Amino acid sequence: MDKNLVCRVCGEESIKVNNLYRERFNTRIYLYKCGGCNSVYIEPVATQGETMSSYNTAYYRKPLIGKLISLVNKVDLYKDIRFIEKILKNRKNVRVLDIGCGSGEFSELLDKSFYCYGVDGSKEAIDLASRAHANRVGGWDYSIVNLFEVSEVSEVSDKKFDLIILRNIVEHFVIYEKLLSIAASNLADNGIVFIRAPNPESKMLHRYQLNWYMFDDPTHVNFVSLNVLENKCKHYGLSLYKKTFVSSGLLAHYRSQGRTIFSFLSNIFLFLRDFFFNSQSEYTVVFIKKTFLGICIMV
């Protein structure tokens, strides 16, 4: 396991960080960091079957503690919603494509006049999302699509959208460029793509290594650096419009340290420190598609 590998994110030589590993799906996984682009990834990756099995009925139908965590996470959701709506300002008749919509808890919070189209591979998730959007004035539709098997953009949608959401989904894909291609192809002129993803250059990753809570999810395989993401998006005619970094919440420290009451209390200090000094555990970015006479231009 000591040999150097070619980084699957950028194509540069990748160097494994120490000999760090943990067990997942009864398999030992290793953490690699690219010396060229600073992206991070794990090997071996979960199979498609393992990935889909992680998002079963039990995942979406949370017990009481899961519901409490979701309630806390709502604060984080609203931050991203405000981030998006400030950019959209007073746009009317906004059409939204939520790729990997899950239970719809994010797009549900968008302005009720927006039309939302959700895509996800889980039937359980789509059923929950449909109920969440039942009162949406602008309308709601969905498709159950296995994004891992999509070969044509039209398999997702043949329509154009003003806002495309890729929130917490890029890290699930080895070939993450597929998502960027889908977004660019389905984006209307002057439309925006919102992306939120783990930041591989975060202080949290440096501190916790493979105990970082982002590795708790067995389907997280790629942590793409912001510079690489920006360059890839340029290839698809998408220009960086706005970016920001966000800190992990208190629950993230709790999960990373071991899920005990003692660790919860001891990490209040770490949480406050990261809250005020920003650990930059994730980035949120908006890309925009500008065209002139049908030719993509930079902004």
Next item on the list: Report the extension gain between PHE148 and LYS243 in nm, rounded to one decimal, defined as 0.36 nm multiplied by the number of residues separating them, less their alpha carbon distance.
Entry: 31.5 nm
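Distance cut-off 26 Å, Cα to Cα: go down the list LYS123/LYS289; LYS92/LYS159; LYS160/LYS242; LYS33/LYS123; LYS112/LYS234; LYS112/LYS178 and report the pairs above it.
On the way: LYS123/LYS289 31 Å; LYS92/LYS159 17 Å; LYS160/LYS242 22 Å; LYS33/LYS123 35 Å; LYS112/LYS234 31 Å; LYS112/LYS178 29 Å.
The pairs that break the limit, which is 26 Å between Cα atoms, are LYS123/LYS289; LYS33/LYS123; LYS112/LYS234; LYS112/LYS178.
If packing is taken as the mean number of other Cβ atoms within 10 Å per residue, what is the order of 103-109, 6-12, highest first?
Numbers: 103-109: 22.3, 6-12: 17.6.
Going from most to least packed, we get 103-109, 6-12.
Every number here is computed from the coordinates shown, using simple stated rules; none is lab data. Keep in mind that what you see is a predicted model, and the values were worked out from it rather than measured. Note that each Cβ is placed from the backbone with ideal geometry, even for glycine, and that neighbours are counted across all protein chains shown.
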